[in-house]
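The values are calculated or read from the model by the stated rules, or taken from the named source; none is laboratory data. These numbers were taken from a predicted model, which means no experiment stands behind them. A quick note on method: Cβ atoms are made from the backbone with ideal geometry, for glycine too, and the neighbour counts reach across all protein chains shown. Areas reflect the complete protein model, heavy atoms only, side chains present, ligands, DNA and RNA absent. Shrake-Rupley method; radii C 1.70, N 1.55, O 1.52, S 1.80 Å.
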Amino acid sequence: MRSCFNRRFPEDTLIRSALPLIFRKGQIVNTKNLSYGRQWIDDDDIAEVVRVLKGDWLTQGPTVAAFERSLADYAGVKHAVTFVNGTAALHGAMAAAGLGPGDRLLTTPMTFAATSNSALYVGAEPVFADIEPSTLCLDPVKAEAKLREVEEAKEGRVRAVVPVSFGGYPFAMEPFRRLASEHELVLIEDACHALGGDRDGHKIGFDADMTVLSFHPVKHITTAEGGAVLTQSDEYAHALRLFRSHGITRNPEDFEEAPEGPWHCEMQTLGWNYRLTDLNCALGLSQMRRLDAFVRRRREIAALYRELLADVRGLTLPPAHEGHAYHLFPIQVDAEARGPLFAHLAENDIRLQVHYSPVPLHPYYKKRFGYRWGDFPEAERYYRGAISLPMFPLLEDSDVKRVADCIKTFLGRGS
């Protein structure tokens, strides 16, 4: 017996897959493996990549500019500067912000390590404030308290604040804009989970001095690997483009010295080779055409999870918001139940992930900066019970019900 599982979107061309069914303990069981996320590549995506492969430019060509224009137009900003991955984009944003030795960056402990690591890459030091339980994002009140604590200790100056749209939740930006304005900080949103989300009537990407995106395969669109920084600032955009390309410019308008000929170029700062290729951008440009459909389906899946799991005791659902982009759907259970539940789901071919262990409690951060368990009680409380459920557009409603049934059965509530 075989069963097709793809959900049809009217605007999409789909690649269908067939799944085996087997008998387990006397019952027919769907053996489709589920993970917390995966990409969706269709024939149009493949055709766009092949078109670039057959063309003249594999890198540093016109498809890069076209993808950047698509991103900028979607978010309603002036510039999008692409990078080889989201971490490189964060690194570029810190460099463009002018962070360096003696500076501090204020961010959340509940994020991937790249957010704070990017401060270390430029010689600055990350400092952390706890999360707000109602959003799982950086608590603006605690952030301001941490900022004043650093200022009073006179242990370097906080130069930037980096709130994270954790899981795709569009936290309120106004408190951070006020904080940045009052303390002369660069405001950088880590929106690597949030492309396609909405805040205050517009797309995420518009609110900060710089907004960082990721195009990893489990994100809302993919370029295989890739990232970008969105900004309204000509100055930041120029610095970002220099930084991603060895610090070298070939633009005569930017030359500091008289050109010796048409071959003239100048390395004006120390940069990195962080350029995204035309091949990656061809995939991204094709995926952008389906971004809204992808986000719409993620919201449908989230709504179904909420319906199916609403009355399960010992389980907390993630914060809801109409503008949520739902990169993740992280539930919380009792700490002692998480490991056994994780194993139970794996036994049923549902192999998930935990997002995230608080960054300052990784061994590197504890050894270097002296952080310890107990420093971030809200982030730690969330982490100890967190599991990210499958969340990607290819999920069928039946897949969502299967996950919910496994959870309810394990927690003793039936289906």
Legend entry - Relative contact order computed over the range 268-415 (Cα-Cα under 8 Å; 6+ residues apart), in percent: 30 percent
Inset, instruction - Give me the accessible area per residue for the chain, probe 1.4 Å, as a whole number in Å². - result: 44 Å²
Inset, instruction - Given the options LYS54, LYS146, LYS401, state which has the largest fluctuation in a GNM of the chain using a 10 Å cut-off (strictly under) for Cα springs. - result: LYS54
Legend entry - Sorted peptide list for 277-288, 148-159, criterion being average Cβ within 10 angstrom, highest first: 277-288, 148-159
Inset, instruction - With r as the distance between the Cβ atoms of ALA258 and ALA172 and R0 = 56 Å, compute the FRET efficiency 1/(1 + (r/R0)^6) and round to 0.05. - result: 0.65
Inset, instruction - Determine the distance separating the Cα centre of the range 209-223 from the Cα centre of the range 325-354; give it in Å without decimals. - result: 24 Å
Legend entry - Over the chain, relative contact order from alpha-carbon pairs under 8 Å, at least 6 apart, %: 21 percent
Inset, instruction - Please find, in a Gaussian network model of the chain (springs between Cα atoms separated by less than 10 Å), the residue of ASP292, ASP45, ASP254 whose mean-square fluctuation is greatest. - result: ASP254
Inset, instruction - Mind jotting down the three principal axis lengths of the chain based on Cα atoms? Whole angstrom, largest first. - result: 81, 59, 39
Legend entry - Pairs beyond 22 Å (Cα-Cα), from LYS146/LYS366; LYS54/LYS219; LYS203/LYS401; LYS78/LYS203: LYS54/LYS219; LYS203/LYS401
Inset, instruction - Could you please state how large a percent of the accessible area of the chain is carbon and sulfur, counting protein chains only and using a 1.4 Å probe? - result: 51 percent
Inset, instruction - Hey, for a label at GLU235 modelled as a point 7 Å past Cα toward Cβ, could you say which residues of the range 95-124 have their backbone N under 14 Å away? - result: 96-99
Inset, instruction - With a ≥ b ≥ c taken as the square roots of the eigenvalues of the C-alpha gyration tensor of the range 56-95, please select rounded if a/c is under 1.5 and otherwise prolate if a/b is larger than b/c or oblate if it is not? - result: oblate
Inset, instruction - Starting with the highest mean, order 172-180, 194-202 by the number of other Cβ atoms within 10 Å, averaged over the residues of each peptide. - result: 194-202, 172-180
Inset, instruction - Choose one of HIS355, ILE331, LEU276: the residue whose Cα lies farthest towards the positive end of the charge dipole of the range 268-415 (beta-carbon charges +1 Lys, Arg; -1 Asp, Glu; about the Cα centre). - result: LEU276
Legend entry - Length added when fully stretched, ASP311-ASP349, from 0.36 nm per residue minus Cα-Cα: 11.3 nm
Legend entry - Relative packing of peptides 361-371, 376-386 - highest average C-beta neighbours within 10 Å first: 376-386, 361-371
Legend entry - Mean Cα-pair separation over length for the range 159-238, i.e. relative contact order, pairs under 8 Å, 6 or more apart, %: 25 percent
